[in-house]
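Dumping the structure here so I can ask a few things about it.
The values are calculated or read from the model by the stated rules, or taken from the named source; none is laboratory data. These numbers were taken from a predicted model, which means no experiment stands behind them. Virtual Cβ from ideal backbone geometry, glycine too; neighbours counted across all protein chains shown.
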């Protein structure tokens with residue numbers, strides 16, 4: 001079924017080129033070196049835990065907030081910078097505000113009480129231990 005509204009859509013290559021150039025030159029912070037993208041994340045699993053590694057260089061551990069609500073882990077960070085220069089004839093003040101938020105739905109076998117996080121060398125590492133399942137021994141049931 002066709003829609004009643006018809007519009008011309010720019011080719012995706014052209015649209016991506018314009019969007020990336022616009023974002024590069026006119027980002028919200030006014031700082032041409034700022035990155036507004038969400039940090040890259042690696043998620044690994046082994047026998048005992050899930051491991052999340054989030055690449056966020058240049059931040060401090062105080063910039064992060066990690067929350068767990070209804071089995072959803074949310075990682076966010078907010079950074080504000082301000083620079084002011086005064087001379088006899090003018091005052092220049094620049095500021096920027098950058099933030100991001102990532103959310104992950106956790107599996108049911110994560111031990112929510114044992115989650116740990118550490119931030120070193122620009123990498124936020126979160127360890128999500130698994131709940132140990134009790135080993136159920138096979139058992140013969142007698143018929144009465």
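Can you go through 138, 129, 134 and tell me which one is at pLDDT 95 or above and over 24 Å from residue 38 (Cβ atoms)?
Only one candidate qualifies: 129.
In region 45-75, how many residues are touching a strand residue (DSSP E or B) at 6+ places or on another chain (Cβ under 7 Å) and either touching a residue at least 12 places away in the same chain (Cβ under 8 Å) or surrounded by 14 or more Cβ atoms within 10 Å (Cβ to Cβ) (or both)?
20
I'd like the residue in region 119-144 that is out of contact with any helix residue (DSSP H, G or I) (no Cβ under 6 Å at 6 or more places or on another chain) and not in a loop (DSSP other than H, G, I, E, B) and, out of all such residues, is surrounded by the fewest Cβ atoms within 10 Å (Cβ to Cβ).
120
Now, a different point. Residue pairs, Cβ under 7 Å, 6 or more apart or interchain, first in region 76-103 and within 28 Å of residue 41 (Cα to Cα), second exposed (fewer than 10 other Cβ atoms within 10 Å of the Cβ). List them.
So the pair list comes out as 95/82.
Moving on to the next point. Tell me, please, whether a residue that is surrounded by 11 or more Cβ atoms within 10 Å (Cβ to Cβ) and under 14 Å from residue 50 (Cα atoms) can be found in region 95-102.
no
Cβ contacts < 8 Å: first residue on the phi > 0 side of the Ramachandran plot and at pLDDT below 95, restricted to region 107-119; second residue crowded, with 16+ Cβ neighbours inside 10 Å and not in a strand (DSSP E or B), any location; separation 6+ or different chain. Result?
none
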